[in-house]
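J.: This is the structure, below, for whatever I ask next.
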Amino acid sequence: MLIDLEGIDGCGKSTQTKLLQKKLEEKGEKTLILKEPTNEPHGQKLWDVLKGKMKATNEEILDFFVLDRKQHVKEKIKPALEQGTVVLMDRYYYSSMAYQVAGGLNVDYIRNKHDFAPTPNIVLVFDLPVTTALERVHGHREADEFEKEDHLEKVRAAYLNLKDDPIVKIVDATRKPEEIFQEVWMLVSEVMNG
């Protein structure tokens, strides 16, 4: 099973990923948390762009993501799924379908570039007002290149536009982590038992 946890930074997806891993393992499932971008060469280029060390167009950023993801799918994601592991993705290609769409690319164009990537069983999008997300992020660290308020508003809108995709579930991330997790567990259980 492949579970993708998405949302703008500060939405609490990393907290929910850890809570979900703990619950799944209590139920006897083998799990693996993977993050994107990775620390592999193409992923490093993305981190350089995020940190402002390197400039890239939206198209180039998408290309780096696709190359990074191809390696990630081949070396980590597919082998884990083949072994029956529940893979929890802290960002996956649905991130590109939000961030790169916010930068002006077409959502179907992005989706089609990911024909090599296994489709998640469920995509949980943790939705939060941008001002709240930025308050949370700035409390912890310096904001990166993609964390400008106007850009994040577009990213949030792009995430919400994915709601018609049957595997995408929009989760209200303004609540307490344990309240959010009750909904997360209910949604994941439905898919696992379906």
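J.: Can you tell me which residues in the range 41-65 are of a type outside the set (Phe, Trp, Tyr) and either surrounded by 18 or more Cβ atoms within 10 Å (Cβ to Cβ) or closer than 23 Å to MET1 by Cβ (or both)? Before the answer, list the steps.
T.: If we filter the range 41-65 for residues that are of a type outside the set (Phe, Trp, Tyr), which is where we start, we get 41-46, 48-63.
HIS42, GLY43, LYS45, LEU46, VAL49, ILE61, LEU62, listed by residue number.
J.: Just one of the numbered conditions (1) over 19 Å from LEU62 (Cβ atoms); (2) buried (at least 21 other Cβ atoms within 10 Å of the Cβ) is not true of VAL123; which one?
T.: Checking VAL123 against (1) over 19 Å from LEU62 (Cβ atoms); (2) buried (at least 21 other Cβ atoms within 10 Å of the Cβ), the one that fails is (1).
J.: Then there is this: Kindly indicate the residue of the range 21-35 that is more than 17 Å from LEU81 (Cβ to Cβ) and open to solvent by less than 70 Å² (accessible area, probe 1.4 Å) and also nearest to the chain's Cα centre (by Cα) among those meeting that condition.
T.: Of everything passing the filter in the range 21-35, LYS23 is nearest to the chain's Cα centre (by Cα).
J.: Identify, please: which residue in the range 1-17 is in contact with an Asp or Glu (Cβ under 7 Å, 6 or more places away or on another chain) and open to solvent by 10 Å² or more (accessible area, probe 1.4 Å) and is, among those, nearest to GLU135 (Cα to Cα)?
T.: Ranking the candidates gives ASP9 first.
J.: Can you tell me how many residues in the range 167-194 are small (Gly, Ala, Ser) and more than 20 Å from LYS27 (Cα to Cα)? First the steps, then the outcome.
T.: At the first step, the residues of the range 167-194 found to be small (Gly, Ala, Ser) are 173, 189, 194.
Applying the additional criterion that residues be more than 20 Å from LYS27 (Cα to Cα) yields 173.
Residues in the range 167-194 being small (Gly, Ala, Ser) and more than 20 Å from LYS27 (Cα to Cα): 1 in total.
J.: While we're here: Among the numbered criteria (1) surrounded by 15 or more Cβ atoms within 10 Å (Cβ to Cβ); (2) assigned to a loop (DSSP other than H, G, I, E, B); (3) out of contact with any Asp or Glu (no Cβ under 6 Å at 6 or more places or on another chain), which single criterion is violated by THR38?
T.: Looking at each condition in turn, THR38 falls short on (3).
J.: While we're looking at this one, here's another question. Tally time: how many residues in the range 1-54 are hydrophobic (A, V, I, L, M, F, W, C), within 26 Å of LEU162 (Cα to Cα) and without any contact (Cβ under 8 Å) to a residue 40 or more places away in the chain?
T.: 2
J.: Of the conditions (1) among the aromatic types (Phe, Trp, Tyr); (2) in contact with a helix residue (DSSP H, G or I) (Cβ under 9 Å, 6 or more places away or on another chain); (3) surrounded by 14 or more Cβ atoms within 10 Å (Cβ to Cβ), PHE116 fails just one. Which one is it?
T.: It is condition (3) that PHE116 fails.
J.: Moving to a separate point now. Mind checking which residues of the range 66-87 are open to solvent by 10 Å² or more (accessible area, probe 1.4 Å) and either in a loop (DSSP other than H, G, I, E, B) or without any contact (Cβ under 8 Å) to a residue 24 or more places away in the chain (or both)?
T.: LYS74, GLU75, PRO79, GLU82, GLN83, GLY84
J.: Which one of these does GLU190 not meet: (1) part of a helix (DSSP H, G or I); (2) at pLDDT below 90?
T.: (2)
The values are calculated or read from the model by the stated rules, or taken from the named source; none is laboratory data. All values reported here derive from a predicted model rather than from experimental measurement. For neighbour counting, all protein chains shown are included, and Cβ atoms are generated from backbone atoms with ideal geometry for every residue, glycine included. Heavy atoms of the whole protein, side chains included, go into the accessibility calculation; ligands, DNA and RNA do not. Shrake-Rupley method; radii C 1.70, N 1.55, O 1.52, S 1.80 Å.
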